[in-house]
């Protein structure tokens, strides 16, 4: 069961539900029985560095708007209180009024390709709600050009650019799916893409790290994590999509059900854009290895050489 589901589960009689999180109290949903909120003054936010091309999850101070939103969650169904772990002076004089817009701290590759698909070619002159850093814009254009999605005039290429834009995934993964059509391993690649769309297929069990590591070794492949994901998916299907099998192997049953759902969606999209679904069968590791290495060469090496 996901932690999000536990939040909404009924509280046993005579028990008190305590939610320890950084921004669960900022949601607009009303959680039954939440009366007290403890505001730490911090939240975890994703920040993308276009120079290093790395996205980090960092702990950052919240804004006044977030603080008010957190306080508003207390006592929605009956009188409550919000305890703030910072001084009133800090709130009034030092805390920023608004948080940094997500547009200014995110990777813009997916955003740019969608704008291009809508016919908006002048990305630099586009009237953004919050203007993103120029470095992030340049990096996004570089990545799309390296993938062959944009031409020398920064327009979508045909048919590759329009096909990538139609697949609702990160453009790098979308291009990987297109490349698998030529390498004859599209069935396996859409499975990998579906697994990569999930945060994690493993269950983290406190005090059972050794058992978890041993479970992962049962599916491990020398070619890397992506082939390992394929082994897990194959085992899940062979078990008849059994929840007991998932529990035994420290695999998240709900996540695997989501993988099945996403994979079916990707399968339909792939057929619609003309990808022939093939399985590499016995040559799985070799074909997938070449698909990934070719993609990495196109994406990264051409960016620097």
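The values are calculated or read from the model by the stated rules, or taken from the named source; none is laboratory data. For clarity, every value in this text was computed on a predicted model and none was experimentally measured. Cβ atoms come from the backbone with ideal geometry, glycine included; neighbour counts cover every protein chain shown.
Conditions: (1) without any contact (Cβ under 8 Å) to a residue 40 or more places away in the chain; (2) farther than 15 Å from residue 47 by Cα. Residue 138 meets all but one. Number of the miss?
Only one criterion in (1) without any contact (Cβ under 8 Å) to a residue 40 or more places away in the chain; (2) farther than 15 Å from residue 47 by Cα is unmet by residue 138, namely (1).
Quick check, is residue 75 in a loop (DSSP other than H, G, I, E, B), free of Cβ contacts under 8 Å to residues at least 60 places away in the same chain and within 30 Å of residue 155 (Cβ to Cβ)?
For residue 75, the condition - in a loop (DSSP other than H, G, I, E, B), free of Cβ contacts under 8 Å to residues at least 60 places away in the same chain and within 30 Å of residue 155 (Cβ to Cβ) - is not met.
Condition test on residue 264, is it modelled with pLDDT under 90, in a helix (DSSP H, G or I) and outside the structural domain of residue 162 (by TED's automatic domain parsing)? It would help to see each step written out before you state the result.
Details: modelled with pLDDT under 90: no; in a helix (DSSP H, G or I): yes; outside the structural domain of residue 162 (by TED's automatic domain parsing): yes.
No.
Can you tell me which condition residue 189 does not meet? The list is (1) assigned to a helix (DSSP H, G or I); (2) surrounded by fewer than 17 Cβ atoms within 10 Å (Cβ to Cβ), and all the others hold.
(2)
Does residue 135 meet the test of being loosely packed, with under 13 Cβ neighbours inside 10 Å, in a helix (DSSP H, G or I) and at pLDDT 90 or above?
Yes, satisfied.
For the range 36-60, give me each residue that is surrounded by 17 or more Cβ atoms within 10 Å (Cβ to Cβ) and outside any strand (DSSP E or B). Reasoning before the result, please.
Going residue by residue through the range 36-60, those that are surrounded by 17 or more Cβ atoms within 10 Å (Cβ to Cβ) are 37, 39-41, 43, 45, 48, 50.
40, 41, 50 - these are the residues of the range 36-60 that are surrounded by 17 or more Cβ atoms within 10 Å (Cβ to Cβ) and outside any strand (DSSP E or B).
Six or more apart or on different chains, Cβ atoms under 8 Å: show the pairs whose first residue is in the range 225-251 and in the same structural domain as residue 196 (by TED's automatic domain parsing) and over 17 Å from residue 204 (Cβ atoms) and whose second is at pLDDT below 90 and in a loop (DSSP other than H, G, I, E, B).
Short answer, once both residue conditions are applied: 227/221; 230/221; 231/220; 231/221.
What are the residues in the range 78-90 that are surrounded by 13 or more Cβ atoms within 10 Å (Cβ to Cβ), in a loop (DSSP other than H, G, I, E, B) and at pLDDT 90 or above, if any? Before you say what the answer is, go through the steps one by one.
Going residue by residue through the range 78-90, those that are surrounded by 13 or more Cβ atoms within 10 Å (Cβ to Cβ) are 80, 82, 84, 86.
With the extra rule that they be in a loop (DSSP other than H, G, I, E, B), the set shrinks to 80, 86.
Listed by number, the list holds a single entry, 86.
Which count do you get for residues in the range 91-123 that are part of a helix (DSSP H, G or I) and either in contact (Cβ under 8 Å) with a residue 24 or more places away in the chain or under 30 Å from residue 165 (Cβ atoms) (or both)?
So the first thing to find is which residues in the range 91-123 are part of a helix (DSSP H, G or I), and the list is 91-94, 102-104, 109-117.
In the following step, the residues that additionally are either in contact (Cβ under 8 Å) with a residue 24 or more places away in the chain or under 30 Å from residue 165 (Cβ atoms) (or both) were identified as 91, 102-104, 109-117.
Residues meeting the conditions: 13.
Applying the selection to the range 138-168, what residues are touching a helix residue (DSSP H, G or I) at 6+ places or on another chain (Cβ under 6 Å) and assigned to a loop (DSSP other than H, G, I, E, B)?
The answer is 147, 148, 149, 167.
Could you give every pair whose Cβ atoms fall below 9 Å, whose first residue belongs to the range 17-41 and is under 22 Å from residue 89 (Cβ atoms) and in the same structural domain as residue 63 (by TED's automatic domain parsing), and whose second residue is modelled with pLDDT under 70 and part of a loop (DSSP other than H, G, I, E, B), counting only separations of at least 6 or pairs across chains?
Taking only residues 6 or more apart or on different chains, the pairs are 37/19; 38/20; 40/22.
Within the range 170-179, identify whether any single residue is touching a strand residue (DSSP E or B) at 6+ places or on another chain (Cβ under 8 Å), buried (at least 17 other Cβ atoms within 10 Å of the Cβ) and part of a helix (DSSP H, G or I), and answer yes or no.
First, the residues of the range 170-179 that are touching a strand residue (DSSP E or B) at 6+ places or on another chain (Cβ under 8 Å): none.
Looking for residues that are touching a strand residue (DSSP E or B) at 6+ places or on another chain (Cβ under 8 Å), buried (at least 17 other Cβ atoms within 10 Å of the Cβ) and part of a helix (DSSP H, G or I), one finds none in the range 170-179, hence no.
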